[in-house]
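The values are calculated or read from the model by the stated rules, or taken from the named source; none is laboratory data. Computed from a predicted model, the values in this text were never measured in an experiment. Ideal geometry is used to build each Cβ from the backbone, glycine not excepted, and the neighbour counts take in all protein chains shown.
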Amino acid sequence: MENKEAGTPLPTPPREGRLQPTLVLATLSAAFGSAFQYGYNIAVVNTPHKVLKSFYNETYFERHATFMDENVMLLLWSCTVSVFPLGGLLGSLIVSLLADRCGRKGALLINNVFAVVPAVLMGASKAAKAFELIICSRVVLGVCAGISYSALPMYLGELAPKNLRGTLGTMTEVFVILGVFLAQIFSLDAILGNPTGWPVLLALTGVPALIQLLSLPFFPESPRYTLIQKGDEATARQALQRLRGHADVEAELEDMRAEAQAERAEGRLSVLNLCTFRALRWQLLSVVVLMAGQQLSGINAINYYADIIYVAAGVEAAHSQYVTVGAGVINIVMTVASAFLVERLGRRRLLLVGYGICGSACLVLTLALLFQSTVPELSYLGVLCVFAYISGHSIGPSPVPAVVRTEIFLQSSRPAALVVDGAVHWLTNFIVGFVFPSVQEAIGAYSFIIFAGICLLTAVYIYMVIPETKGRTFVEINRIFAKRNGVEIPEEKEEDTSHVGTMATRQTSF
Ligand SMILES: *[C@@H]1O[C@H](CO)[C@@H](O)[C@H](O)[C@H]1NC(C)=O
């Protein structure tokens with residue numbers, strides 16, 4: 001249009017984007033309808049596990065005229081819990097295809113089918129006297145969570161103006177935690193976590209999906225997707241004008257065009273390329289370690305089995321559900337605190353402090369569980385440890401990897417990195433959910449020693465390898481990693497070649 005001169009090749013000054021109502025509502029509609037599902041379904045089987053198990057047991061009795069064997073129950077319950085992340089893995093593998101074919105908004109909308117259908121099935125499972133319906137539904141819900149866990153940050157990141165990208169980026173985590181919290185509240189014995197209420201409790205997951213189906217169609221598709229993938233500039237401009245409150249959007253469109261061109265020139269890395277590309281070796285390893293560490297440090301063992309842990313730590317069964325809600329409050333408070341602190345204290349410090357707290361909490365928890373039969377007061381210490389662990393995890397290891405992940409990859413490799421990262425996230429999530437009950441059965445309190453060890457190893461890796469990325473540009477971060485990878489970035493050669501050799505030989509040795 002008129003002021004084409006704003007879009008010169010020079011770096012454009014940061015334009016202050018304000019929170020326009022359309023942007024806020026689109027964010028709420030997208031995040032509530034999708035990230036929320038993940039949190040809700042991870043936590044919803046935790047508190048009322050006894051009610052659900054007795055439903056399994058009764059159903060089995062009606063069919064076979066004998067009660068369910070303990071081992072069969074353990075297996076079926078492990079399945080109920082852990083087919084969810086397995087579905088998530090499947091979802092994370094198909095998300096990029098879906099998001100490229102149908103668009104970001106399209107992917108989120110289609111994804112609601114994977115929430116509404118299982119919600120109906122689970123709601124009907126009691127009347128149908130079929131616990132298999134719950135297990136099958138959780139696979140599908142997992143696919144739903146896997147798709148939204150990757151598609152939502154993509155959609156929000158592409159809607160946001162530059163200066164709000166970080167804030168909208170944390171929305172996924174915030175809504176996951178809100179989902180966890182609401183699930184904890186609804187599954188209280190006094191609300192829906194009882195023999196009559198549980199079908200409703202499980203079916204409630206369909207409600208946010210329905211709300212999204214009714215509201216999201218009124219919001220625009222990601223303008224970056226419309227322009228870059230679809231080449232439809234008029235629609236992209238319209239969408240951008242709505243999102244920015246009819247401010248001038250030409251400069252931003254120009255930025256997108258430049259980005260599209262750069263991407264075409266640089267090429268897009270496939271997952272296979274990413275895994276074999278020497279210049280991205282340490283970045284890739286770092287993302288894998290951060291994601292695996294996040295899950296294998298035991299957060300979902302705590303989420304899935306919190307009640308069992310509290311009872312083992314000496315809390316009365318009737319009270320443990322309220323302790324879980326208390327833990328949920330801590331989780332929310334610390335995650336919000338982390339969103340503020342991450343720009344002040346930096347990524348590294350939050351991660352290291354977080355893993356330090358988690359590792360220590362696991363060690364002390366082990367000791368408390370071991371000695372509480374002789375010293376009854378130690379049972380309170382056990383609960384304190386769980387609270388400390390949750391605080392530690394939600395200040396760093398939970399939210400920060402998502403920030404670092406976007407910062408250490410450039411545009412061309414980010415989509416492939418997102419696939420690897422999603423796959424590792426769900427796979428490790430599954431491993432913990434599936435293996436932890438058996439490990440706990442076998443070695444009892446000592447199972448938390450394993451988590452302490454993983455916290456320590458992850459912290460050591462972060463200390464040695466992950467640079468502080470706060471306040472650095474993508475190019476600067478890329479240069480730090482280039483040294484470690486032992487490759488040079490041509491443009492900046494004259495400044496940095498002096499260190500390249502020594503750094504590379506010193507640090508590729510582990
Ligand atoms: C199933 O229910 C019966 C009767 O209430 C009980 O004795 C048995 O321990 C239960 N089985 C499992 C695996 O919970």
When residues of the range 389-432 are limited to those that are over 12 Å from residue 290 (Cα atoms) and polar (S, T, N, Q), the one surrounded by the fewest Cβ atoms within 10 Å (Cβ to Cβ): 411
Options 343, 266: the member that is surrounded by fewer than 16 Cβ atoms within 10 Å (Cβ to Cβ), touching a Lys or Arg at 6+ places or on another chain (Cβ under 7 Å) and modelled with pLDDT under 85: 343
Residue 402 being under 20 Å from residue 172 (Cα atoms), within 21 Å of the chain's Cα centre (by Cα) and not β-branched (Val, Ile, Thr): yes
Contacts under 8 angstrom Cβ, first residue in the range 63-80 being touching a residue at least 60 places away in the same chain (Cβ under 8 Å) and under 14 Å from residue 134 (Cα atoms), partner part of a helix (DSSP H, G or I) and within 9 Å of the ligand (Cβ to nearest atom), 6 or more apart: 77/53; 77/56
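Conditions tested, residue by residue: (1) buried (at least 19 other Cβ atoms within 10 Å of the Cβ); (2) closer than 30 Å to residue 237 by Cα; (3) at pLDDT 90 or above; (4) of a type in the set (Gly, Ala, Ser).
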residue	(1), (2), (3), (4)
100	no, yes, no, no
114	yes, no, yes, no
146	yes, no, yes, yes
186	yes, no, yes, no
Complete set of residues in the range 272-330 that are buried (at least 18 other Cβ atoms within 10 Å of the Cβ), of a type in the set (D, E, K, R) and modelled with pLDDT under 85: 307
Single unsatisfied condition, residue 54 versus (1) assigned to a helix (DSSP H, G or I); (2) polar (S, T, N, Q); (3) more than 9 Å from the ligand (Cβ to nearest atom): (3)
Hits in the range 222-256 - residues which are outside any loop (DSSP other than H, G, I, E, B), surrounded by fewer than 16 Cβ atoms within 10 Å (Cβ to Cβ) and without any contact (Cβ under 8 Å) to a residue 12 or more places away in the chain: 234
Output for the range 158-186, where each listed residue is touching a residue at least 24 places away in the same chain (Cβ under 8 Å) and under 23 Å from residue 96 (Cβ atoms): 158, 159, 160, 166, 168, 169, 170, 171, 172, 173, 175, 176
Selection within the range 57-90 - under 20 Å from residue 47 (Cα atoms), crowded, with 20+ Cβ neighbours inside 10 Å and either of a type in the set (Gly, Ala, Ser) or within 7 Å of the ligand (Cβ to nearest atom) (or both): 82
Selection within the range 51-93 - at positive phi and of a type in the set (Ser, Thr, Tyr): none
Verdict on residue 156 being surrounded by 24 or more Cβ atoms within 10 Å (Cβ to Cβ), in contact with a Leu (Cβ under 6 Å, 6 or more places away or on another chain) and part of a helix (DSSP H, G or I): yes
